[in-house]
Amino acid sequence: MELDRLDRAILAVLQQDARISLQDIGVRVGLSTTPCWSRIKKMENAGVIQGYTVRIDPAAIGFAETVIVQVTLESHSDETLEAFGKALADIPEVLEAFLISGDYDYHIRIAVRDTRDYERLLRERLYRIPGIRHSRSCFVLRRLKENLAPPLEIQVPPAPPRNEGTAKRDQRHPRGSRGKV
């Protein structure tokens, strides 16, 4: 799906507040409610908008520590990678997992209560996954930057400038000139 200027504006508004009313979205982007709703539905159906979530502060529910774990696997077969990915998906403390290039195969972000909770997680869950050759863990001391949205907020760039010679007419002004209909 190709996104135009209005689609990108709607996405930027929704990333700021996914609970905003259609009417308020319309006011911010310059559309009425029905076209806003239609555009949002098209973006949902195309998979551009993947869902709406609630952000929860992990520390507020008892998960005060974040650990970054890097893992190297014994094998890199498709079956091993798929099984490892499925095993990580079954561990609720795993917030994010990335298959990466470089010295390690995976970069995993985990939320835990404290160091004892992390030790329990290693023994009872992570190290029971077959095929781990090596891992390295680092406790996060302080978060310096965080962009949030499902899963992370992506800054929606504006639509590229239209080529004046082949530009379609402005959707709101059928004759192509602003305000002269």
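Remarks
- Any hit, the stretch 32-47, residues being touching a Lys or Arg at 6+ places or on another chain (Cβ under 9 Å) and at negative phi: no
- Residues satisfying the stated conditions in the stretch 112-122, i.e. assigned to a helix (DSSP H, G or I) and farther than 16 Å from P92 by Cβ: T115, R116, E119
- Screening L95 with (1) in a strand (DSSP E or B); (2) at positive phi gives one miss only, at (2).
- Of all residues in the stretch 76-91, those satisfying the criterion of being out of contact with any strand residue (DSSP E or B) (no Cβ under 9 Å at 6 or more places or on another chain), exposed (fewer than 14 other Cβ atoms within 10 Å of the Cβ) and not acidic (D, E) are H76, S77, K86.
- Just one of the listed residues (A87, A60, A64, A97) is more than 15 Å from H134 (Cβ to Cβ), touching a Phe, Trp or Tyr at 6+ places or on another chain (Cβ under 8 Å) and not aromatic (F, W, Y), namely A97.
- Of the helices (runs of 4 or more DSSP H) lying entirely inside the stretch 1-53, the ones with 2 or more residues being in contact (Cβ under 8 Å) with a residue 60 or more places away in the chain and within 15 Å of the chain's Cα centre (by Cα) are found at 5-16.
- The set of residues in the stretch 54-75 that are in a loop (DSSP other than H, G, I, E, B), touching a residue at least 24 places away in the same chain (Cβ under 8 Å) and among the hydrophobic types (A, V, I, L, M, F, W, C) comprises F63, A64.
- Against the numbered list (1) under 17 Å from R143 (Cβ atoms); (2) surrounded by 15 or more Cβ atoms within 10 Å (Cβ to Cβ), I68 comes up short only at (2).
No value in this document is a laboratory result; all are computed from the given coordinates. It should be emphasised that the depicted structure is a prediction, and the values quoted were computed from it without experimental measurement. Every residue, glycine among them, receives a Cβ derived from its backbone with ideal geometry; neighbour counts consider all protein chains shown.
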